[in-house]
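Before any comments, here is the structure.
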Amino acid sequence: MSDDINDIKYAIEAKGLSKSFGGLFALKGIDLSINEGECVALFGPNGAGKTTLIKVLTTLSRPANGKVLIAGEDIKKNAVAVRRRIGVVSHQTFLYDNLTAYENLKFYGKMYDVPDLEQRIVDVITKVGLESRLRDRVGIFSRGMQQRLSIARAILHDPPIMLLDEPETGLDEQARSTLSELLKTLVAGNRTVLLTTHNLEWGFALADRLAILVKGKIVYEDSKQSLDMTTFRETYNRCVGARS
Amino acid sequence: MINYLGKVMTIFFKDLLSEFRTKAVASSVLLFAILVIIIFNFAFESDSDTIGLVAPGVLWVTFTFAGVLSMNRTFVVEKEKGCLEGLMLCPVSRDVLYWGKMISSLVLMLIIEAVVFPIFLILFDLPLWMPRLAIVALLGTLGFASVGTLFSALAANTKARDMALPIIFFPVVVPVIIAAVKATDLILNSGTWHEMSSWLEILIAFDVIFLVVSALVFEFVIEE
């Protein structure tokens, strides 16, 4: 077990990763390596396996085959250590409507053993611009505010790796723009980010590297430096069209 | 160990606070339980022979149905907004989640029983001071909550969860209900501690078995 994240080669490394549901393979031998501090956007149509991949990487779902290391920890052997090093933002917020923003953050902070929790809550709530709503119940928040609070929840324990599963779903243009700015600060903070989305422009703007997942396989992977949006859109349409 | 218990209690207090805010489960289950007791009270003759015969069954049928209603909500609340996934992402072993949810369910059921008990005793013209009955209720409810929490997690992942829980839960919890009914019968019909002891031993044995097995298999039930 490695405790020093600086000693490891990749922040996220998957080899031959497969996942099946009743004999139907949702992931078919995924190989994926993400360097520390890198932001990778994984695109794909509905049913491509994006959410399944995130669920396996976050230890919510067990892989059928293959090996996955997150921050050097094997997800099968040391799931608790993996969970300590990841922050997850999904289209679902993981927040309790009946509790206030403060109570939600305090609950998760205690579950993650966050040191100096009160100060940390103030720090993260300020970062997402909800400090004036700290004592309000989450149930009365707009979808955009809930998603910002969800980011605060995910970074509360200062994880080096962020896994984002279509976090922009259900947000209007303004809320999506705010979310983008927040996510850019995450990337700038030298966190490793894996982002899944089917919004090409949005993901393209955030990522360093782009990958396309179709029918449980990564069919394309390249650095953003060598691409413009038009070329990437053509590539995406070709990959998705050819496989669907 | 202190950290482990701290996490369990964090989940418990979160559930307690959430329920205190909404009273969604407690109010509906309590109302249901009181209505069942009242209906049974009208349905049976209130002479002492009949009461001795039917009261144990009435009490535990009420607790069982009310308990299933309550258990049905245990993980449904967590499924809303994906909170169950949020819990599962916490860096704790899955059994911490089990113990936290089990204690929440147990305490909620005990609070409901604390209100229903006096009403039951008054309506069925029984003495109000029955400490032995409290012990049986505690043991019976513990067995009920231990296995109910497990099956609630299982049913939460099914589409017809409201129907699924009683169907899979009742056959398993039958030994606890039978032992609780028999022990209650002895208490209400002037049975001795000695006569009760074998049923209490069965209750304790099933409580221990259910608690240990449920905590062990919980992670396989809750994960996909």
Original post:
Excluding B:E19 itself, what net charge comes from residues whose Cβ is under 15 Å from its Cβ, given Lys and Arg +1 and Asp and Glu -1?
Top reply: +1
Original post:
So what's region B:1-92 giving for Rg/Rh, alpha carbon basis, Kirkwood Rh from the mean inverse pair distance?
Top reply: 1.17
Subject >> Descending semi-axes in whole angstrom, ellipsoid equivalent of region A:113-191, from the Cα gyration tensor >> reply: 19, 17, 10
**OP:** Please build a GNM for chain A, connecting alpha carbons under 10 Å apart, and tell me which residue among A:S223, A:S150, A:S180 fluctuates the most.
**Re:** A:S223
Original post:
Along the positive direction of the dipole of region B:2-222 (beta-carbon charges: Lys, Arg +1; Asp, Glu -1; about the Cα centre), which of B:F32, B:V58, B:T10 reaches farthest?
Top reply: B:T10
Original post:
Viscosity 1.567 mPa s, temperature 4 °C: Stokes-Einstein D of region A:9-146 from its Kirkwood Cα radius, in µm² per second?
Top reply: 76 µm²/s
Subject >> Cross-link reach list, aspartates and glutamates versus A:K215, counting only Cα pairs under 19 Å and skipping chain neighbours closer than eight places >> reply: A:D31, A:D165, A:E166, A:E234
Original post:
Per residue of the protein assembly as shown, what 222 nm ellipticity follows from adding -39500 (n - 2.57) for every DSSP H run with n ≥ 4, rounded to the nearest 500?
Top reply: -20000 deg cm²/dmol
**OP:** Just report the Cα centroid separation between region B:106-162 and region B:83-97, whole Å.
**Re:** 26 Å
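Quantify how much of the Cα-Cα distance distribution of region B:18-60 extends past 17 Å, in percent.
Details: 395 of 903 pairs.
Of the Cα pairs, 44 percent sit more than 17 Å apart.
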Original post:
Convex hull volume of the Cα atoms in region B:2-222, per residue, in Å³?
Top reply: 122 Å³
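Could you state, as a whole-number percent, how many of the C-alpha pairs of region A:164-203 are farther apart than 13 Å? Walk me through the numbers before you get to the answer.
On the way: 400 of 780 pairs.
Here the tail beyond 13 Å accounts for 51 percent of pairs.
With 18 Å as the limit, write out which pairs from A:K19/A:K50; A:K19/A:K76; A:K76/B:K81; A:K184/A:K224 have Cα-Cα distances beyond it, or answer none. Kindly include the intermediate steps, with their values, before the conclusion.
Values: A:K19/A:K50 12 Å; A:K19/A:K76 13 Å; A:K76/B:K81 26 Å; A:K184/A:K224 16 Å.
Check vs 18 Å cut-off fails for A:K76/B:K81.
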**OP:** Read phi for every residue in region B:68-73 and hand back ³J(HN,Hα) as whole Hz from Karplus 6.51 cos²θ - 1.76 cosθ + 1.60, θ = phi - 60°, with x for Gly and Pro.
**Re:** 5, 4, 5, 5, 4, 8
Original post:
Suppose R0 equals 25 Å; then what is the FRET efficiency for A:D136 and A:E181 from their Cβ-Cβ distance, rounded to the nearest 0.05?
Top reply: 0.65
Subject >> Integer Hz, Karplus 6.51/-1.76/1.60 couplings in order for region B:17-28, x for Gly and Pro >> reply: 5, 4, 5, 4, 5, 9, 6, 5, 7, 4, 5, 6
Original post:
Given +1 on the Cβ of Lys and Arg, -1 on the Cβ of Asp and Glu, and no further charges, what dipole in debye does chain A carry about its Cα centre, rounded to the nearest 20?
Top reply: 860 debye
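Of all DSSP beta bridges located in the protein assembly as shown, what percent are antiparallel, nearest 5? Could the numbers behind the result be given before it?
Values: 21 of 40 bridges.
Taking every DSSP beta bridge with both residues in the protein assembly as shown, the antiparallel ones total about 50 percent.
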Original post:
Per 10 Å bin from zero, what fraction in whole % of the C-alpha pairs of chain A is there, up to the bin with the longest pair?
Top reply: 7, 31, 36, 21, 5, 0
Original post:
What is the spin-label model distance, in nm, from A:D113 to A:T169 if the labels are put 7 Å beyond Cα along the C-beta direction?
Top reply: 3.3 nm
Original post:
Using alpha carbon centroids, what distance separates region A:46-69 and region B:15-35, in Å?
Top reply: 37 Å
Original post:
Can you list the residues, at least 5 places off or on another chain, whose amide H is less than 5 Å from the amide H of A:S18, using H built in the peptide plane?
Top reply: A:G29, A:I30, A:A64, A:N65, A:G66
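Can you give the alpha-carbon Rg of the protein assembly as shown over 2.2 N^0.38 Å, where N counts its residues? Before the final figure, lay out each step's value.
Values: Rg = 26.0 Å, N = 468, 2.2 N^0.38 = 22.8 Å.
Here the answer is 1.14, to two decimals.
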Subject >> Cα-centred dipole magnitude for the protein assembly as shown, charges only on beta-carbon of K, R (+1) and D, E (-1), debye, nearest 20 >> reply: 1100 debye
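What stretch of chain B, leaving out the sites themselves, is the longest with no trypsin sites (Lys or Arg not before Pro) in a DSSP loop having at most 11 other Cβ atoms within 10 Å?
On the way: sites that count: B:K23, B:K159.
That gives B:24-158 as the longest site-free run.
Can you give the charge dipole size of region B:2-222 about its Cα centre, rounded to the nearest 20 debye, using +1 on the beta carbon of Lys and Arg and -1 on the beta carbon of Asp and Glu? Could you put the intermediate results ahead of the total?
Details: 13 positive and 17 negative charges, 176 e Å.
For region B:2-222, the charge dipole is close to 840 debye.
Read-outs: derived from the displayed coordinates by stated rules, not from any lab. Model, not experiment: these values are computed from the prediction. Neighbour counts run over all protein chains shown; Cβ positions are idealised from the backbone, glycine included.
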